Amino acid sequence: MTALLLAALVLGQGRLTNAQIETRAPPQSLEREIAAATARGGARWIGYRIRISSGRRSMDCVERTHIALEGATDLSILARFEGTTLTRLRTATPDCEIDAGGLPVTWFDGVKADDSAAWLTSVVKAAGASGERLDRVVTPAVAALGMHEGTTATRSLIEFARDYQVSKIRSAALFWLAQRAGQQATATIAEAIDRDPDTEVKKRAVFALSQLPKDDGVPKLMEVAKNNRNAAVRQQAMFWLGQSGDPRALKFFEDVLLK
């Protein structure tokens, strides 16, 4: 069923306007359904919505007509295709007004977080490591993974933090891992500080430590500030300890300065 409608009148799609909307039932395979929808050729958007992972409620529209005092709990994933080629990935919360520019929009209801994460992971791996697609597809896909519930997204972020060939993406994955916390996330962040060949990634990993719950992050920051062989990394750890406001950090500074 396809129609030109204000999205406020269409369940599940949020405020999607100026769009030829085709709504589909929950797909058995998101990747297969997207391939079928885009095989018809031409430019179109693919969209669906997932729940935002607990603790991540701060995403906002860039331009607002109103202010939401309570953060969003859902996230819309929007992918623009030219034929079967993905050219852009966008995310938005349901209170954002989205203008589709008159293009067809295929909207999937009921997409599961793990299915979405699996598709986004395949997008990151297939997109290449340089050029415009890095900014227009890979970076927003990693950010979207950071918003997903479930272990599929966590495993993908860990993989990208360890192995992705572009330091910018390794850094982004580390940031989103820190928002998820947990033992796997902490171990991957610590591993990046010790082993990543790029000092800027190491510094980003130190920042990621500062985003962990304080009982996890502050002791790790003190360890890095005291023992890491890279002076720039030690300095970064000292900076974020100073920003933490934690009494253990004050005691650490006293010990260092009075030695």
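Read the figures in this text as sums done on the coordinates, not as results from a lab. Note that the coordinates shown come from a computational prediction; the quantities given were computed from them, not determined experimentally. For neighbour counting, all protein chains shown are included, and Cβ atoms are generated from backbone atoms with ideal geometry for every residue, glycine included.
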*Computed E for Arg88/Ala231 - FRET, C-beta separation, R0 51 angstrom, nearest 0.05*: 0.80
*With each pseudo-label sitting 7 Å past Cα toward Cβ, what's the Leu250-Asp163 distance in nm, one decimal?*
4.6 nm
*Have a look at the DSSP beta bridges in the chain and tell me what percent are antiparallel, nearest 5.*
60 percent
*asked:* Report the gain in length on full extension from Asp109 to Ala187: 0.36 nm times residue separation, minus Cα-Cα distance, nm rounded to one decimal.
replied: 24.5 nm
*Lys/Arg Cβ at +1, Asp/Glu Cβ at -1, dipole of region 108-151 taken about the Cα centre: which of Leu145, Ala117, Gly131 is farthest positive-ward?*
Gly131
*Kirkwood hydrodynamic radius (Cα pairs, Å) of the chain?*
19.8 Å
*Of all trypsin sites (Lys or Arg not before Pro) in region 122-229, which ones are in loop regions per DSSP and have a Cβ with at most 15 other Cβ atoms within 10 Å?*
Arg229
*Which one of Ala225, Thr91, Gly242 has its Cα pushed farthest toward the positive end of the charge dipole of the chain, where Lys and Arg give +1 and Asp and Glu give -1 at the Cβ?*
Ala225
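So how strong a dipole does the chain carry about its Cα centre when Lys and Arg Cβ are +1 and Asp and Glu Cβ are -1, to the nearest 20 debye?
That gives the chain a dipole magnitude of about 460 debye.
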*What is the distance in Å between the Cα centres of region 82-135 and region 207-259?*
38 Å
*How large is the charge dipole for region 182-230, taken about the Cα centre, if only the Cβ atoms of Lys, Arg (+1) and Asp, Glu (-1) carry charge, to the nearest 20 debye?*
160 debye
*At 0.36 nm per residue, minus the direct Cα-Cα distance, what do Asp135 and Asp74 gain on full extension? Give it in nm, one decimal, please.*
19.7 nm
